[in-house]
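Colleague: Take a look at this one; I'll ask things after.
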Amino acid sequence: MSELNPGIEALLKDASTLIPAVVQDASSKEVLMLAYMNTDSLALTLSTKKATYWSRSRNELWVKGATSGHFQEVQSVALDCDGDSLLVTVNQIGTACHTGNQSCFHQPLEFSQ
């Protein structure tokens, strides 16, 4: 298991909590999904360049695409100004959403009149 660089860990607001990770397509800039990372998954992502998240439903590390084949090749990872969320820019192989849609954000909501 990779360990997170102490310098990076020091930038995190709270290294013991899950960190929201907004995932964006490197080419189209489309927001593909929202996932969560812990320090282990962030360390693995940075060392392997394969998007690795923490699955809240399975309570385990999850390499995106390990079962579906729809991997995310990580191009960059940026920490926000508060140190409590990440922007992960990827080359998406296949679709990002488990429903088969390119993006998880495929259900627009209407505004009230």
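Colleague: Using r as the Cβ-Cβ distance of residue 10 and residue 102, and R0 as 35 Å, what FRET efficiency do you calculate, to the nearest 0.05? Don't skip to the answer; put the middle values down first.
Modeller: Values: r = 36 Å, r/R0 = 1.03.
The pair residue 10/residue 102 has a calculated efficiency of 0.45.
Colleague: When a footprinting reagent is the concern and you count Cβ atoms within 10 Å, what order do 73, 60, 110 take, fewest first? Present the calculation step by step, with values, prior to reporting the outcome.
Modeller: On the way: 73 15, 60 9, 110 5.
Least crowded to most crowded, the residues run 110, 60, 73.
Colleague: With charges only on Cβ, +1 for K and R and -1 for D and E, what is the dipole size of region 1-91 about its Cα centre, in debye, rounded to 20? Don't skip to the answer; put the middle values down first.
Modeller: Details: 7 positive and 11 negative charges, 60 e Å.
In total the dipole reaches around 280 debye.
Colleague: Over the Cα atoms of region 6-113, how large are the radius of gyration and the largest Cα-Cα distance (Dmax), in Å?
Modeller: Spelled out, the Cα radius of gyration and Dmax of region 6-113 are 14.2, 51 Å.
Colleague: Okay, next question. Given 0.36 nm per residue, what is the gain on full extension from residue 95 to residue 17 after removing their alpha carbon distance, in nm? Walk me through the numbers before you get to the answer.
Modeller: Details: separation 78, 0.36 × 78 = 28.08 nm, distance 2.79 nm.
So the extension gain works out to 25.3 nm.
Colleague: Here's a follow-up. Mind listing the long-range amide H neighbours of residue 70? Cut-off is under 5 Å, sequence gap 5 or more, other chains count too, H placed in the peptide plane at 1.01 Å from N.
Modeller: Sorted by chain and number, the residues that satisfy this are 65.
Colleague: Still on this structure, please answer the following. Using 0.36 nm per residue of separation minus the Cα-Cα distance, give me the extension gain between residue 46 and residue 75 in nm, one decimal. Don't jump to the answer; show the numbers that get you there.
Modeller: On the way: separation 29, 0.36 × 29 = 10.44 nm, distance 0.98 nm.
Length difference between fully extended and current span is 9.5 nm.
Colleague: Please list, in chain and number order, the residues 5+ apart from residue 36 or on another chain whose amide H is under 5 Å from its amide H, with Hs placed from the backbone.
Modeller: Close amide H contacts, sequence-distant or interchain: 21, 54.
Colleague: Also: Would you list 29, 64, 49 from fewest to most Cβ contacts within 10 Å?
Modeller: Working: 29 8, 64 26, 49 16.
Fewest-to-most ranking of 29, 64, 49: 29, 49, 64.
Colleague: In deg cm²/dmol and to the nearest 500, what is the mean residue ellipticity at 222 nm of the chain if only DSSP H runs of at least 4 residues count, each as -39500 (n - 2.57), divided by the residue total? Mind showing how you got there, number by number?
Modeller: Working: 2 runs with 16 residues, N = 113.
So the calculated ellipticity at 222 nm is -4000 deg cm²/dmol.
Colleague: Something else: Provide the per-residue ³J(HN,Hα) series for region 42-48, in order, calculated from phi with Karplus coefficients 6.51, -1.76, 1.60 and θ = phi - 60°, each as a whole number of Hz, with x at glycine and proline positions.
Modeller: Once θ is set to phi - 60°, the couplings for region 42-48 become 5, 4, 5, 4, 5, 8, 9 Hz.
Read-outs: derived from the displayed coordinates by stated rules, not from any lab. Note that the structure is predicted; figures quoted are calculated from it, not measured. All Cβ positions, even for glycine, are placed from backbone atoms using ideal geometry, and neighbour counts span all protein chains on display.
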